[in-house]
Amino acid sequence: MNKLRLSDYIILAVLLLIGFICLVPILNAIAISLSDKTAAAMGEVVFLPKKFNTSAYEEIVKEGRFFHAFGVSIRRVLLGVSIGTALSVVMAYPLSKSPRVFRQRNAYMWLMVFTMLFNGGLIPTYLVVKNLGLINTIWSLVLPGAVSVYNTIILMNFNKGIPPSLEESALIDGANPLQILVRIYIPLAKASIATIALFTMVYHWNEFFMGKIYINTLDQQPLQTYIQGLSVTLTTQQMASMTPEEIIRKLAVSNVTFNSAKAIVSMIPVIIVYPFLQRFFVTGLVMGAVKE
């Protein structure tokens with residue numbers, strides 16, 4: 001077993017410091033969300049809750065709309081990851097070929113890069129979605145961002161690293177391009193596919209702005225849009241229609257603790273899924289980022 005050198009200890013210390021810096025905001029947000037609103041407002045909470053209080057989380061989940069919005073986000077993630085990953089795989093395969101094999105490759109590549117730098121703008125995009133009849137449907141949250149050029153480039157560069165002899169052997173055996181893609185490229189690109197699937201999942205789970213633009217009814221809002229619209233500010237009219245118990249619960253929460261609780265709730269699904277894809281993440285990202 002090789003002994004650790006001084007440089008190894010320095011690298012380890014730097015990585016531990018970076019990890020701690022990344023962990024600090026999360027620990028602080030958890031502590032604030034579980035603290036009394038007065039202690040949180042006065043900045044007394046650091047890593048441990050002060051006067052333990054779960055009112056912020058109770059306020060988030062007290063309505064059935066929370067679980068309905070959660071279900072909408074789950075459907076959005078499942079559809080978005082499935083469609084986005086499939087389109088990226090299908091696009092990356094022909095674009096990984098040389099111009100000698102795919103003569104229009106460079107034209108398509110320039111078109112893809114152009115879409116990364118420029119877009120049609122918010123109003124034209126809204127008009128397209130509206131004219132397609134997608135307003136107030138789950139498809140308005142999935143289709144406008146279905147194709148990711150960045151993810152396609154990762155897969156494309158990975159495919160370039162696969163020996164051409166594999167495809168040539170398959171062609172000699174009578175395989176068509178679709179069979180080559182399904183039986184050779186996809187099994188070999190599992191790490192990169194898992195990586196872009198994780199990217200797509202995080203995007204669809206965290207994105208809330210499209211829900212504000214394209215969704216008009218509350219029962220179709222995804223979780224992030226629903227959470228962003230929550231508020232603990234009470235008006236006189238609202239208090240008049242509430243029971244004393246509801247008023248007391250509302251007054252026990254401040255925007256500081258409430259916003260921290262919203263951030264923690266929104267992170268939970270990603271934190272649960274990430275460990276299962278972690279072993280693919282680094283390998284897929286590095287292999288897809290290197291161009292030979």
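Each value in this text was obtained by applying a stated rule to the coordinates, not by laboratory testing. Since the model is a prediction, treat every value here as computed from it, not as a measurement. Positions of Cβ are backbone-derived with ideal geometry, glycine not excepted, and every protein chain shown enters the neighbour counts.
Based on C-alpha pairs under 8 angstrom that are at least 6 apart in sequence, region 1-53 has a relative contact order of 29 percent. One chain, two ends: T125 and I10. Fully extended at 0.36 nm per residue, the span grows by 36.4 nm beyond their Cα-Cα distance.
What is region 12-99 by shape, rounded, prolate or oblate, if you read a ≥ b ≥ c off the alpha carbon gyration tensor as root eigenvalues and call it rounded for a/c under 1.5, prolate for a/b larger than b/c, and oblate otherwise? The shape class here is oblate.
If you take the beta carbon distance between E44 and L17 as r and set R0 to 35 Å, what does 1/(1 + (r/R0)^6) give as a FRET efficiency, to the nearest 0.05?
Efficiency, from the Cβ-Cβ distance: 0.85.
The separation of region 124-201 from region 1-50, counted between C-alpha centres, amounts to 38 Å. Compared with the alpha-carbon gap, the fully stretched path from R105 to I268 is longer by 54.6 nm at 0.36 nm per residue.
Averaged over residues, the count of other Cβ atoms within 10 Å places the peptides 185-196, 101-112 in the sequence 185-196, 101-112, highest first.
Ignoring lysines fewer than eight residues from K50 along the same chain, the ones with Cα atoms less than 21 angstrom from its Cα are K37, K250, K262.
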